[in-house]
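Chemist: My structure is below; once you've seen it, I'll send some questions.
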Number of protein chains: 2
Amino acid sequence: MAKADFSPIADTTRRAEIVALLRRAILTGQLAPGQKLNELRISEQMRVSRAPLREAMRELVQEGILTSIPYAGTFVIEVTAKDIDDAYSFNKVMDELAIERAWPLRDQRFFDELDRRHEAVKQATRALDTTRQIETALQLHGLIYEWADNSVLLETWQRLTSRLQMYFALHQHARNEPVPAEDVHETYVRLLKGKDMRAAQRHAREHIDLDFEELLAYARGLEQRPSRGA
Amino acid sequence: MAKADFSPIADTTRRAEIVALLRRAILTGQLAPGQKLNELRISEQMRVSRAPLREAMRELVQEGILTSIPYAGTFVIEVTAKDIDDAYSFNKVMDELAIERAWPLRDQRFFDELDRRHEAVKQATRALDTTRQIETALQLHGLIYEWADNSVLLETWQRLTSRLQMYFALHQHARNEPVPAEDVHETYVRLLKGKDMRAAQRHAREHIDLDFEELLAYARGLEQRPSRGA
DNA sequence: TCTTGTTAGATTGTCGACAATCTGCTTGTC
DNA sequence: GACAAGCAGATTGTCGACAATCTAACAAGA
């Protein structure tokens, strides 16, 4: 009775591969914020013409991690403390919604997947792979969105994820510290398996708090005492 | 003391104009859901080469109103009852957040702008211009997002707006009724000017409810009793 | 009759070259 | 020396043509 459960064929267009490459370069900090993307140089490096490269860049502009100025160029977005703060407070509200919606839909598959992703984080942590640690942590966190059964909510989360990953990667790059050895997701996973939804929501908020606070402090430090008035 | 308040120069690239044209065609229902966009035909009609057209389409795919299948084509998104329901329940939560954030930032400029946009809706209603009525109503509603001082929240709203406008336009198209003469936004505007934030939030939710309920009923009617199981 | 292989037409994906625009330097003038 | 005009050089925007892929119609075989 096992239905053959094929996954979609891999995207075979150059455009899709370029998107993946560029996104990765940006999210890992290989391409720094504010940096200009020279079309000719990149197309030559990738052995690709400018047409698919430009289309890929247009996608990433819409995704919000590149910004384009006509006849001037396309740049990696700058990251301000306000951007991080905005993403943070928005994320808090979304999290509560996602947990609320996903809560009654939790089943064995959910718990299994939760463990699987949790394991992936722990493995990346053991391997001292900071990039992958951020990536897997976000995937762990994203499970409630995938389970919330709301396409708009999920899509919004995925958009936000790009930027969050970029922010955290920047932070890690700057600190250049070894990754924390202890498992900060233990409580989160346990609460999601439990019976108290409010407690899970509360923890999710506070748990996110911690990481973000560090991030914010770092970003504020970068900005030279700007005039923050309207 | 009046600062020269210039608006940005108009986008001079064909790409930007194509994006605007296509978006308009989709949001007004000129291009029906599911319809395929033939690149050659459109590029000839617009007297433009396929390169900027394709870049424009890539943007709209990311914006969520087009969908692309490699080597098969790019299509206007289909609208299901679930999509509308998802957008609806997501919008409710966002609205509460937006009102909460915008509330303490309301000032004279806010009230003036509120009146201005309200007037625009009434004018479109008097002119029996349904398309413009939808557009202006969404702009009126979007003010709280612009005032909430959160870039992520605003951006998310703008993305959602595209689809909402499309949904409502479809609905209007299908009903083909004259627009309602009475002013459904009167209470909304009055509450936003008042002192009771909770009341404003409650009304926004219920006000939105009305329009959406009709929309949902319509969309469900379209779908041939689909199996709604997982 | 149903399935499978082939082929022609149409459409999308990609390429290399040209046009439009910006940037920085040079030049000339005061 | 300061400043504006004008001139390369580089970069982005756009174009037309070619290559890769899909669709459907049709033929051949079980």
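Every number here is computed from the coordinates shown, using simple stated rules; none is lab data. What you are looking at is a predicted structure, and each value in this text was computed from that prediction instead of being measured. Every residue, glycine as well, gets a Cβ built from its backbone with ideal geometry; the counts of neighbours run over all protein chains shown.
Chemist: Can you give the direction-averaged projected area of the convex hull of the alpha-carbon atoms in the stretch A:14-76, in nm²?
Modeler: 3.8 nm²
Chemist: Place +1 on the Cβ of every Lys and Arg and -1 on the Cβ of every Asp and Glu in the protein assembly as shown, take the dipole about the Cα centre, and give the residue among A:108, B:62, A:19 whose Cα lies farthest towards its positive end.
Modeler: A:19
Chemist: Viscosity 0.890 mPa s, temperature 25 °C: Stokes-Einstein D of the stretch A:23-148 from its Kirkwood Cα radius, in µm² per second?
Modeler: Rounded to a whole number, D works out at 142 µm²/s.
Chemist: Please compute, over every Cα-Cα pair in chain A, the percentage with a separation greater than 32 angstrom.
Modeler: Cα-Cα pairs of chain A separated by over 32 Å account for 27 percent.
Chemist: Can you give the three extents of the C-alpha atoms in the protein assembly as shown along their principal axes, from longest to shortest, in whole Å?
Modeler: The Cα atoms of the protein assembly as shown stretch 73, 66, 54 Å along the principal axes, largest first.
Chemist: Sort the following peptides by mean Cβ neighbour count (other Cβ atoms within 10 Å, averaged over residues), highest first: A:163-170, A:118-125.
Modeler: Listed from highest to lowest mean packing, they are A:163-170, A:118-125.
Chemist: Pick from B:102, B:32, B:20: which is most flexible by mean-square fluctuation in a GNM of chain B where alpha carbon atoms under 10 Å apart are linked?
Modeler: Residue with maximal mean-square fluctuation among B:102, B:32, B:20: B:20.
Chemist: For residue A:72 paired with residue B:80, estimate the spin-label separation in nm (one decimal), with each label point 7 Å from Cα along the Cα-to-Cβ line.
Modeler: 4.2 nm
Chemist: Taking every residue in A:60-73, how many Cβ atoms of other protein chains lie within 10 Å of its Cβ, on average?
Modeler: 2
Chemist: If each label sits 7 angstrom from Cα along the C-beta direction, how far apart, in nm, is residue B:158 from its counterparts in the other copies?
Modeler: Relative to the other copies, residue B:158 has label-point distances of 2.1 nm.
Chemist: With an 8 Å Cα cut-off and a minimum separation of 6 or more residues, compute the relative contact order for chain B in percent.
Modeler: Value for chain B: 23 percent.
Chemist: Rounded to the nearest 0.05, what FRET efficiency do residue A:41 and residue A:115 have when you use their Cβ-Cβ distance and R0 = 45 Å?
Modeler: 0.55
Chemist: Report, in degrees rounded to the nearest 10, the 0 to 90 angle that the Cα long axis of helix A:130-147 makes with the longest principal axis of chain A.
Modeler: Once rounded, one gets 60 degrees.
Chemist: For the stretch B:45-95, what is the Kirkwood estimate of the hydrodynamic radius, computed as the reciprocal of the mean inverse distance between distinct Cα atoms, to one decimal in Å?
Modeler: One over the average 1/r among Cα pairs gives 13.0 Å for the stretch B:45-95.
Chemist: Okay, moving on. I'd like the mean, over residues of B:88-101, of how many other protein chain beta carbons sit within 10 Å of each residue's own Cβ.
Modeler: 3
Chemist: Determine the calculated [θ] at 222 nm for chain A from helices alone, applying -39500 (n - 2.57) to every DSSP H run no shorter than 4 residues and normalising by the residue count; nearest 500 deg cm²/dmol.
Modeler: -22500 deg cm²/dmol
Chemist: Enumerate the residues in the stretch A:139-162 having an amide nitrogen under 16 Å from the point lying 7 Å beyond the Cα of residue A:184 toward its Cβ.
Modeler: Counting backbone N atoms under 16 Å from the label point, the list is A:139-142.
Chemist: Closest approach to the B-A rotation axis by any Cβ of B: residue and distance in angstrom?
Modeler: Closest Cβ to the B-to-A rotation axis, residue and whole-Å distance: B:62, 2.
Chemist: What residue among A:144, A:42, A:18 has the largest mean-square fluctuation in a Gaussian network model of chain A, using Cα springs under 10 Å?
Modeler: Sorting by GNM fluctuation, first place goes to A:42.
Chemist: Compute the label-point distances linking residue A:206 to its equivalents in the other copies; points lie 7 Å from Cα along Cα→Cβ; give nm, one decimal, shortest first.
Modeler: 3.6
Chemist: Run through the other copies and list how far each one's label point is from that of residue A:128, in nm with one decimal, shortest first; the point sits 7 Å from Cα along Cα-Cβ.
Modeler: 7.6
Chemist: Also, quick follow-up: Output the pairs from B:82/B:195; A:122/B:92; A:122/A:195; A:82/A:122; A:36/B:36; A:82/B:193 with a Cα-Cα distance over 29 Å in this structure; if there are none, say none.
Modeler: B:82/B:195; A:122/B:92; A:82/A:122; A:36/B:36
Chemist: A further question on this structure: Relative to the longest principal Cα axis of chain B, at what angle does helix B:108-126 sit, 0 to 90 degrees, rounded to 10?
Modeler: Taking the Cα atoms of chain B, the angle to B:108-126 is about 60 degrees.
Chemist: Another question, if that's okay. Using only the alpha-carbon atoms, how far is helix A:50-63 inclined from the longest principal axis of chain A? Give it as 0 to 90 degrees, nearest 10.
Modeler: 40 degrees
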